[in-house]
Amino acid sequence: MIAQNFRHALFCAFITLVISYPILGLNLEAQGISIKLTGAETQTYVGIALAVLIVFLFQLFRPAILGGLGRVKALNPLVDRQPMPQEKRIRFERVALVLIVLGAMFWPFIASRGAVDLATLVLIYIILGLGLNVVVGLAGLLDLGYVAFYAVGAYTFGLLSQYYGFSFWMSLPIGAVLAAAFGFVLGFPVLRLRGDYLAIVTLGFGEIIRILLNNLTDLTNGPDGIGGIPDPTLFGMEFGRRVKVEGNTSFHEVFNIPYDSTHKVIFLYLITLILAVFTLFIIRRLIRMPVGRSWEALREDEIAARSLGLSRTAVKLSAFTIGAFFAGFAGTIFASKQGFISPESFVFLESAIVLAIVVLGGMGSQLGVILAAIAVTILPELAREFSEYRMLVFGAAMVLMMVWRPQGLLPMTRVHINLKKQEAGVTDHA
Amino acid sequence: MLVLENIHTHYGKIEALHGVSVEIQKGEIVSLIGANGAGKTTLLMTVCGDPQASSGRVLFKGEDITHKPTAQIMRSGIAIVPEGRRVFPGLTVEENLHMGGFFTSKQEIRKSQDHVFELFPRLKERRNQRAGTMSGGEQQMLAIGRALMTKPEMIILDEPSLGLAPLIIKQIFEIISTLRDDGITVFLVEQNAKQALKLADRGYVLETGRIRLEDSGANLLANEDVQKAYLGG
């Protein structure tokens, strides 16, 4: 036991050394035209040695340390928490959601412009997370190419506005429907695939879309992207200093207030908020409808679901299509927010982040997805003072999170539907 | 009620069933016995349309269902209790049952649920328990109950005794005979030949993709070949 621990500890210490020494201990310096390899300061070496020592000691006495920690109950306040009864939990969740939405509605008027801008991004990720949650969390289909639908939504708006002068409001449904159509089409080849194979095919699909956008230079302008995408308007009122489109009026002139560039930011934020709430509401309803039940049944056991007469094709396609629809939504908003899109915005990392949001939030749980979207988007911003180490901090936070709560922030608790004897027909707690 | 005419089924290039014919009358319990790899499950899957028969016909209530999609077949009055029970582990007992009634109205769900709870009082006690946390016997009861929720005219059971204690097996088989009393036709596929044949009105013996014997349950039990091969002498 001890010998085994010792060997393991030695190995961990060695890995620490191998990882940290080249990164921290060696510097490449340009001297004139040649590059020289120089060592770091003594202080750094001491630091590395200390780190190695700490890792070694921790791994050596790990059982004792963790055992000791486990006994300290105060460290984990959730340890003997009873799950809330269903009615109470549903009420709590509903109140929490309403409060969050209300707070989010008034918040931008007191916050700074940068914060509101970031919050818009958070909301976009919330829409994406909720959409992917349908595919991954509920239907149990691991989709690694979700960003493709996001790209379809964004490029639909970009191209329509560039070639035909479509406005945001006209493009929003078109972008979403087109993304849904792509989801439907992708659904067919992956119907027979499960698990890893499904993940690979969807991953490939995500890349195909990005590479297509990159290479269809005549249409999409390739890597240069599409610029000058218009902002959303409010009943024909524009938020810029000057009116760009003939026939539109300008917001500050109509209301006779001085021009302020934050109006636009806040307006976009509010639109995104409304769409996020819309997404949340629609998917909440869907989960409680038979189609939501059938997604879960398929995730739980495909053969059993089919033995009950559920069509695998219909269930999977509906999940893919609905998930993609909301990604198209998010994409359109994103294009409008940035005013410029290029294939660079739709790399695999985006898919990974959205997936991280779903997993971190607790697969299937909507409140969890919202919290995770906030955490995943805000955390790298907060960690900015660590400059180049901020992704490291982010990674560490994710690892800790998974150790601490492997089921996610707020694991999905399923609402069950009671058939009450006295009130026939009324079966829903929603 | 269910007629299989000269069914051939292929997995890719390999033929698993070489011309199997089976006939099940309304209200009967028919057992199909056979060793591992004889093609029992393949036969059932062919009835369900996955894989579909490469030649021959499957008739249910006189209608040709050979090339219908699985989902449609399963909604036409046939219910199957799949091998290994396959309850939805994360859903509660009640939710599992409701999934069974997916294509029926809410009133009917309530009615058939009461019926299932009458048949399996144990399930009523555990109605809010997650199915995955129940014992094998309880899960088997749930799987049968869930199949009953589809209001089937015929129920197919694939190895309901698999991995269960003898006492539980006895209970399950008792339930199966009450199903017949309710007017449901039962097609029972079993390796547990003795129990299955005792219960059955008629039986078939399947060997390497062919029907070897067909007789009444009692006759098959008495048959020397069957005794030697399936009943341990």
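General remarks:
- Peptides A:283-292, B:132-141, A:38-47 ordered by packing proxy, namely the average of other Cβ atoms within 10 Å per residue, highest first: B:132-141, A:283-292, A:38-47.
- Computed with the Debye formula from one identical point scatterer per Cα of chain A, without solvent, the log10 of I(q)/I(0) at q = 0.10, 0.11 Å⁻¹ comes to -0.87, -1.01.
- Kirkwood radius and radius of gyration were both taken over the C-alpha atoms of region A:243-291, and their ratio Rg/Rh is 1.27.
- Surface share of carbon and sulfur [accessible, 1.4 angstrom probe, percent] for chain A: 68 percent
- Helical runs assigned H by DSSP (4 residues or longer) give chain B a calculated mean residue ellipticity at 222 nm of -11000 deg cm²/dmol, each run adding -39500 (n - 2.57) before division by the residue total.
- Beyond 18 Å, the tail of the calculated P(r) for region A:2-75 holds 56 percent of the Cα pairs.
- Interface between chains B and A: roughly 2400 Å² of accessible area buried, both sides summed (probe 1.4 Å, protein heavy atoms only).
- Cβ-defined net charge surrounding A:L298, 13 Å radius [Lys, Arg +1; Asp, Glu -1]: +3
- Angstrom value of the Kirkwood radius, inverse mean 1/r, which spans all Cα pairs in region A:129-259: 16.9 Å
- In this structure the amide hydrogen of A:S250, modeled in the peptide plane, comes within under 5 Å of the amide hydrogens of A:E238, none closer than 5 places in sequence on its chain.
- Span per principal axis, largest first, for the Cα atoms of region B:183-233 (Å): 34, 22, 17
- Exercise: per-residue mean of other protein chain Cβ atoms within 10 Å, B:93-103: 5
- Here the contact order of chain A, divided by its residue count and restricted to Cα pairs under 8 Å and six or more residues apart, works out to 23 percent.
- Probe 1.4 Å, protein heavy atoms only - accessible area per residue of the protein assembly as shown in square angstrom: 49 Å²
- Debye log10 I(q)/I(0) at q = 0.16 Å⁻¹ for region A:165-219, Cα point scatterers: -0.66
- Under-5 Å amide H pairs with B:D215, H placed in peptide plane, nonlocal only: B:G203
- P(r), alpha carbons of region B:89-151 - 10 Å bins starting at zero, rounded %: 26, 60, 14
- Note on A:309-321: average number of Cβ atoms from other chains within 10 Å of each residue's Cβ is 3.
- When the convex hull of its Cα atoms is projected in every direction, mean area for chain B (nm²): 12.1 nm²
- DSSP-defined beta bridges in the protein assembly as shown - what % are antiparallel, rounded to 5: 60 percent
- The string of couplings for region A:123-132 from the Karplus curve (6.51, -1.76, 1.60, θ = phi - 60°) is 5, 4, 5, 5, 4, 4, x, 5, x, 5 Hz, one whole number per residue in order, with x for Gly and Pro.
- Residue by residue along A:295-304, Cβ atoms of other protein chains within 10 Å of the local Cβ number 6 on average.
- Using every pair of separate Cα atoms, the Kirkwood estimate puts the hydrodynamic radius of region B:123-197 at 13.0 angstrom.
- Remark on B:G19: its backbone amide H falls under 5 Å from those of B:I7, B:H8, B:T9, a criterion applied only to residues 5 or more positions apart or on other chains, H modelled at 1.01 Å from N.
- Residue by residue, region A:43-54 carries 3J(HN,Hα) couplings of 3, 4, 4, 4, x, 4, 4, 4, 4, 4, 4, 4 Hz when phi is fed to the Karplus relation 6.51 cos²θ - 1.76 cosθ + 1.60 (θ = phi - 60°); x denotes Gly or Pro.
- Relative to the globular-protein estimate of 2.2 N^0.38 Å, the Cα radius of gyration of region A:333-419 stands at 1.30.
- Take each peptide in B:97-103, B:117-123, count the other Cβ atoms within 10 Å of every residue, and average; sorted highest first, the result is B:97-103, B:117-123.
- Burial order of peptide ranges A:202-208, A:17-23 (average beta-carbon count within 10 Å, highest first): A:202-208, A:17-23
- Rounded to the nearest Hz, the phi-derived 3J(HN,Hα) couplings of region A:301-315 under the Karplus curve 6.51 cos²θ - 1.76 cosθ + 1.60 (θ = phi - 60°) are 7, 5, 5, 4, 4, 6, 5, 8, x, 6, 8, 4, 4, 5, 5, where x marks glycine and proline.
The values are calculated or read from the model by the stated rules, or taken from the named source; none is laboratory data. Being a predicted model, the structure only gives us computed values, none of them experimental. Cβ: placed from backbone, ideal geometry, glycine included. Neighbour counts: every protein chain shown. Protein only, heavy atoms only, side chains kept; ligands, DNA and RNA dropped before computing areas. Shrake-Rupley method; radii C 1.70, N 1.55, O 1.52, S 1.80 Å.
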